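The numbers here are math on the coordinates, done by the rules we state, and not lab data. These numbers come from a predicted model, not from an experiment. Glycine also receives a Cβ, built like all others from the backbone with ideal geometry; neighbour counts cover every protein chain displayed.
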């Protein structure tokens, strides 16, 4: 089987990959679709507000040319011009604000709204002629060039066919009365605008599909990238195992002080050590007061020797207790009989003489690495 290469991007992008794409400014967008939505909004506004806007602008324009009244009232010329400009500016804002909201809503529905400040920062690489030529003649530049040519051909062709079909009507406008000709001209212009904007909207949807494909292909990941990202976010199994072991050792160090209350310490003989205590008044199962490996185990043994606590070398039992019990908790139920034999040996024989033989269940037999094994104590 051939090795997986960087071209084998078959996996869907993870959440982290999507976040990184947004941070880099790789956001799904279609300028053609946004422009088509804005043009459609413009036509709708002209249908309902066109007459009002036209009358207001022409009225403002006429009053702007009339300086007789301001001169008679001795008003400053700049104040008069500013007043005329404010009137026109209000109309421009009234027309432009809905279009801005349409553009924002269109982008939000396509790829969401994201404020990326670092994209607005100055980048010297953008001034590089080599980088500019690469963008122009790269695959992305060729696709954009093809779309531009397609837009010119489609919109120009549709406009030509429409004007050709309406040519007799256009030529007949000169024979109509002025008011009738104006109404016919307005209707014809609206028809032309609807048809052309319809063609632009179709091109916008087509561009949206292309942008989606390119965006998706950029974000696809290889199986190895998914694995590497999982390791970075979740941590490798080896690292998590080491952290868990260090946490256990830290807890064990804190429990060494409890060894002086133990009645017996089971060792393996030097790597593992488990300190046990049995409370006769409670009559419950024996508890693990402390446990540890390596240096912690050595510290437990030293403390037990100082306090005169019996230390018994029983490797299988020591490992079984270590891997199946937690500090401060009762021992595993399947180890009751083995530990009871040990405690009886300590209490009755004073931990002197030959060690008793204890039976460890097969499922609780472990090697020094915690892997299950077979055998008898």
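Stretched out straight at 0.36 nm per residue, the stretch from residue 166 to residue 27 would grow longer than its current Cα-Cα span by 45.8 nm. Computing FRET efficiency as 1/(1 + (r/R0)^6) for residue 195 and residue 113, where r is the C-beta to C-beta distance and R0 is 25 Å, gives about 0.20.
Label sites at residue 12 and residue 367, each approximated as a point 7 angstrom past Cα along Cα to Cβ, lie 4.2 nm apart. If I take R0 = 45 Å and measure r between the Cβ atoms of residue 88 and residue 242 in this structure, what FRET efficiency does the formula 1/(1 + (r/R0)^6) give, to the nearest 0.05? Calculated transfer efficiency: 0.05. Segment residue 341..residue 54, full-extension length gain: 92.9 nm, with 0.36 nm per residue of separation and the alpha-carbon distance subtracted. With both labels modelled 7 Å from their Cα along Cα-to-Cβ, the residue 187 to residue 351 distance reads 11.1 nm.
Residue separation of residue 178 and residue 307 scaled by 0.36 nm, minus their Cα-Cα distance, works out to 34.6 nm of gained length. Each of the peptides 194-202, 316-324, 100-108 was scored by the mean count of other Cβ atoms within 10 Å over its residues; in descending order, highest first, they stand as 316-324, 194-202, 100-108.
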